[in-house]
Structures are given as C-alpha cells and as structure tokens.
1. Please go through region 64-110 and pick out each residue that is touching a Lys or Arg at 6+ places or on another chain (Cβ under 8 Å), modelled with pLDDT of 90 or more and under 20 Å from ALA47 (Cα atoms).
2. Tell me, which residue of region 258-287 that is open to solvent by 10 Å² or more (accessible area, probe 1.4 Å) and over 19 Å from the mean Cα position of the chain (by Cα) is farthest from VAL87 (Cα to Cα)?
3. So which of VAL33, VAL40 ends up being assigned to a helix (DSSP H, G or I), modelled with pLDDT under 90, over 18 Å from ARG254 (Cβ atoms) and of a type in the set (A, V, I, L, M)?
4. Output yes when any residue across region 54-68 is touching a Pro at 6+ places or on another chain (Cβ under 9 Å) and either outside the structural domain of PRO315 (by TED's automatic domain parsing) or not in a helix (DSSP H, G or I) (or both), and no when none is.
5. Restricting the first residue to region 142-166 and requiring it to be more than 30 Å from LEU103 (Cβ to Cβ) and hydroxyl-bearing (Ser, Thr, Tyr), which pairs with a second residue that is at pLDDT 85 or above and surrounded by 14 or more Cβ atoms within 10 Å (Cβ to Cβ) meet a Cβ separation below 7 Å and a spacing of at least six or different chains?
6. Just one of VAL255, VAL293, VAL250 is surrounded by 21 or more Cβ atoms within 10 Å (Cβ to Cβ), under 30 Å from ALA60 (Cα atoms) and not hydroxyl-bearing (Ser, Thr, Tyr); which is it?
7. Restricting the first residue to region 280-305 and requiring it to be among the basic types (Lys, Arg), which pairs with a second residue that is in a helix (DSSP H, G or I) and open to solvent by 30 Å² or more (accessible area, probe 1.4 Å) meet a Cβ separation below 7 Å and a spacing of at least six or different chains?
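The values are calculated or read from the model by the stated rules, or taken from the named source; none is laboratory data. This structure is a prediction, so every number in the text was calculated from the model and none was measured. Glycine also receives a Cβ, built like all others from the backbone with ideal geometry; neighbour counts cover every protein chain displayed. The protein model used for the area step is the full one, side chains on, heavy atoms only, and it has no ligands, DNA or RNA in it. Shrake-Rupley method; radii C 1.70, N 1.55, O 1.52, S 1.80 Å.
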Amino acid sequence: MVDSGTASLSFSRLGARRLFLLGGVGLIVVGMVFGDIFAVFILHQNASRVGANLAGAAHAALAGDSAAVQSYFQNVGAFLENRGTKVDTHVHMIDFGYLALLLAVLEPWIAFSAGAKRRIAWTFLTGAWLLPIGVFLIHYVGLAGSPFKSIGWASVFADLGGLLALVATFACLAGFWKHQRLPERQTQKDQLLAACVTATPMLLTGGVLLILLGFFGGAYYAAFDLYRHEAQDFANLSDMTSAAAAKDAVTVDRVLNEYGQLQGDKAVKIAAHAHAIEFGLLAMMMAFFQPLVNLSERWRRRWAGILLLGSLMLPVCVFFELQYGLLAGAFADIGGFLVILALLAMWIGILRYGGELESSASQPLGANQT
C-alpha cells in the first residue's frame, strides 16, 4: 500500500494488473474469434438441421411412426447440445474477460502483497480458461471414462474452472474489503484513473451511445414485438397440434415454416440488443486503460475509432439479417472482425507498455511513444 496519496499502477511485467488486463483482453479476443467461426461455419447449418429434424418428426407423427419420431427428437437434442456448448464457450470467455478487466481496475485497492495478488490473478485466469474449454469438450467427451453416472470429465473440469474463478474473485473482494478498513484509504488515488488520453473520452462517449442504442432497441422490442411474438408462438404450436391431429401435412409444413421465421425474428432482435450493450460496456472498460496502450496518440485514436465502428456495425447488421440475408450477415462478421482487430492492437500496445506513466509525471503522455 502507498501512504503518499497516489496508488502505484502495479503494472510490472508480472504484476496482477497487467495479468488481469492482458488476460481479460485475450479472453475477449479469443471468445469473439470463436464466436465468429461458430456463426459462419456452425450456427446456420445447425439451425437448418434442427429445423429439418423437427419437420421430419412432425411428418413421422402424422404417419404414426413413433420410432422415427423418437429418432428425430434425439437428433434435435444432439444438435441443440452441440449449439449450446459452443454458445456457452463463446459467452463464458467474453464474460470472464469483462470480469478480468473490472478486477484490473480494482487491483490497486486490493490490500494484499504483490505476490499474493499475482497468485490470485493466475488462479482467476486458470479458471477462466479452464471453464470454457471444459464446456466446449462436453459435447465431444460425454460420459466416456467418467466415474459419475451423469457428469463427464469435461463437466468436472469446467466446474473446477468455475470454482477457481469464484475463489479468486472472492479473494479480490476480501482484499478490497480489507483496504476499506485501512485509515489511509480516503487519500489514496489511482494514477491510471487520473490519467486521460484522446482515445479515453472517445471510447467512453461511444460506449455510452452504444448502450443507449441497445436500451432503445430492447425497449422497442418489448413494446412492439415481445407480446406479438408470444401470441404467435402459442398460435403456431396450437395450429401444429390441430394439424397433426387432422393429419394435414400441408398445414404442418406451413406452420413449421412460420415458426422458424418467428424464431429467427426473435433471435436477431435479441442478439442486436444484447451485442450493442455488450460492446458499449467493452468500449467503456477499454477507455480506462488507454494510457497504458503504448502507441502514438494518432494510432490510439484510430484503433478506438475502429473498435467503435465495428461495435456499431455488428448489432445493426445482425438486426437486418432477416431482410438482407447473407449480405447483412457478412457485414456483421466484418464488424466483429474490426472489433477483434482493434482489441488485438490495444493488447499489443499494453504488452509494450514499459512504465512511462509512472516514470514521466512531468512529461506529456504519448510524447515518447511510437
């Protein structure tokens, strides 16, 4: 701890803040790359297979073939498990990355020794990587070689990763609580949060606007689409039941098509709403760390602009996917690629950081950066 009124950045090569920050951005980048690969090569194909098997199950029910119905639904379950584990892998990586960035902000106020904070950071990052990798393997490993009846080794390691991340997070909170009880806490400041570069207000402003866009999109969906979708959902299922009872194959096909379009409409609007808010939070968190991005002011501004451009493109293009199909999907993927590229550039800049903020208090930020 520091008594002079200014907290150290704790940003040594193996410091806890650097570990949380580099690990967090790395988790977000890998999670987004995985999400893009999943969206391009698995998501739509998986949805098509689910739809085809549901249609097959409906027609098998019309024909009274219960064995075929069971087989089709088993296929649907397998496809949904495949999709679910991929989505969970993507989401958990990104969410753990966000949490790591928050812990990096909090790090100067964790009242433990530097060595203890490094161990906490390594514990968290180990769990943050172990959990999504374990989740990804659940579909492929299953119960093979497991001593448990309903839990496979992949699930065991995923749960272990979650436990490690949970323990590390509680340790950080305990350190913060310990700091709050110190008499000098009122005068302590963090040098990083007191610093500001050109990209900082850009990302803070853009992040707030993205969150507002996401909120407005969610409010519009709740006001004009949510109850209509719920009513149509119920009507489709009722019509499908009636058509199956009447053995009306034409109506079954029509209702299945309407149901698929309904699920697609719900999916793109919810995804656009969620991604806008998610990217807004990411931009705001990355704004705090811009003084540690060891790049010139011009390139910090450029990468901040690219991050915000991609963060806007992806949710907007996802929203229009039903109307414009693959064209909108392609631009959404380009938006995701821009976000990944900007985050990777910032990650490299943070990796290059050598302590300029601490060592040159009288020198303008970025004056000796390349």
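1. ASN75
2. GLU258
3. Exactly one of VAL33, VAL40 is assigned to a helix (DSSP H, G or I), modelled with pLDDT under 90, over 18 Å from ARG254 (Cβ atoms) and of a type in the set (A, V, I, L, M), namely VAL40.
4. No, region 54-68 contains no residue that is touching a Pro at 6+ places or on another chain (Cβ under 9 Å) and either outside the structural domain of PRO315 (by TED's automatic domain parsing) or not in a helix (DSSP H, G or I) (or both).
5. SER146/GLY152; SER146/TRP153
6. VAL255
7. What qualifies is ARG301/MET202.
Condition check ((1) of a type in the set (Lys, Arg); (2) within 21 Å of SER296 (Cα to Cα); (3) surrounded by fewer than 18 Cβ atoms within 10 Å (Cβ to Cβ); (4) not assigned by TED's automatic domain parsing to the domain that holds LEU308) across all residues:
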| position | (1), (2), (3), (4) |
| --- | --- |
| THR200 | no, yes, no, no |
| LEU203 | no, yes, no, no |
| VAL208 | no, no, yes, no |
| ILE211 | no, no, no, no |
| PHE216 | no, no, yes, no |
| ASP225 | no, no, yes, no |
| HIS229 | no, no, yes, no |
| LEU237 | no, no, yes, no |
| SER242 | no, no, yes, no |
